[in-house]
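Working notes for the structure below.
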Ligand code: TXA
Ligand code: MG
């Protein structure tokens, strides 16, 4: 029997996907950061299906994707001046703003929080899909909860297989790490997640931003769990003075630049020969996936400089490298 084609060329299938979304279904689509798993933000049942597909805890809210800045007015109860400035400067782009929520946004989207995360992606397919659907699209990254984010349509298909009916293929994601999230819920802005827009650029626009730090195993913001983005193979972050323990083991190296010595390693992935952090970010998740497919005992990852996109890369590597069981937030204290 012929298997149904799930991955389709994005450009020719926008209308079909938009109709699918309007009818209450879930569609995977490309953005400039990573692929998203989208449904109408106004359809609580369709959004519930996203949580189910991802096995995502209900306390972890979703980002609402819009096609123009003016749509913020109907989703947020208020927009602080600094937030508007960031939107004007970085949208469309890899930046998410957390703002006080308008009652029109269903509680399931925001996990019952009084705030909503909003972003205008910088990808022609994502923008065309939102416009054609005629509704904002709620979408997390299109991976199983806690796993590596997808940067190609094939990555999405590997994770969900027949569970997902439609994947719009728009090629590889240009940025490769998720959006930067800045919250405007407190009186001063807070960076909740480093991402595609460097912190330096945000601070150049609006002045200093507090950086959220995790207090051990309980995240301050929902979803910012210490263990995330994890490959199945254990991943260890190397510091400058370390050398990987190789004895009798199949070890893969995730190298920032070309490694000086790769003797004894089973596999090597180079993020950027030139040491370019943007190129490294774009290659990060696909490289982790390729190493994860090689039946290694261990992946060791080199640290990268924590400037520009390096901050987002190191954040993902740290979370991918924590070998911890998920904290059960539903358990009684
Ligand atoms: O680049 C991206 O942001 C991608 C693409 C698809 O747009 N999306 C993405 O979504 O990374 P997700 O669900 O994987 O990560 C969204 C993060 C989660 O950590 C969630 O907890 C946080 O955003 N978030 C969403 N709403 C929030 C809110 N109201 N307050 C605080 N954090 C929020
Ligand atoms: Mg995610």
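Odds and ends about this structure:
- The set of residues from region 153-181 being farther than 12 Å from residue 143 by Cα and in a helix (DSSP H, G or I) comprises 162, 163.
- Out of 95, 86, 99, sole residue that is within 16 Å of ligand 2 (Cβ to nearest atom) and within 17 Å of residue 189 (Cβ to Cβ): 95
- Checklist (1) more than 16 Å from ligand 2 (Cβ to nearest atom); (2) surrounded by fewer than 24 Cβ atoms within 10 Å (Cβ to Cβ) applied to residue 168, failing item: (2)
- Residue-level analysis places residue 146 among those that are within 16 Å of ligand 2 (Cβ to nearest atom), farther than 22 Å from residue 21 by Cα and out of contact with any helix residue (DSSP H, G or I) (no Cβ under 8 Å at 6 or more places or on another chain).
- The set of residues in region 124-140 being surrounded by fewer than 24 Cβ atoms within 10 Å (Cβ to Cβ) and within 9 Å of ligand 1 (Cβ to nearest atom) consists of 140 alone.
- Yes/no for residue 17 being in contact with a strand residue (DSSP E or B) (Cβ under 7 Å, 6 or more places away or on another chain), in contact (Cβ under 8 Å) with a residue 40 or more places away in the chain and away from ligand 1 (no atom under 12 Å from the Cβ): yes
- Residue satisfying all of: in region 189-209; surrounded by 13 or more Cβ atoms within 10 Å (Cβ to Cβ) and without any contact (Cβ under 8 Å) to a residue 40 or more places away in the chain; nearest to residue 100 (Cα to Cα) among these: 190
- Extreme residue, surrounded by the most Cβ atoms within 10 Å (Cβ to Cβ), among residues of region 51-70 that are out of contact with any strand residue (DSSP E or B) (no Cβ under 8 Å at 6 or more places or on another chain) and part of a helix (DSSP H, G or I): 51
- Complete set of residues in region 173-188 that are within 14 Å of ligand 1 (Cβ to nearest atom) and free of Cβ contacts under 8 Å to residues at least 40 places away in the same chain: 186
- Filtered residues of region 118-130 (kept if in contact with a strand residue (DSSP E or B) (Cβ under 8 Å, 6 or more places away or on another chain) and either over 16 Å from residue 73 (Cβ atoms) or outside any strand (DSSP E or B) (or both)): 120, 121, 125, 126, 129, 130
Every number in this text was worked out from the coordinates using simple rules, so none of it is lab data. Note that the structure is predicted; figures quoted are calculated from it, not measured. Glycine also receives a Cβ, built like all others from the backbone with ideal geometry; neighbour counts cover every protein chain displayed.
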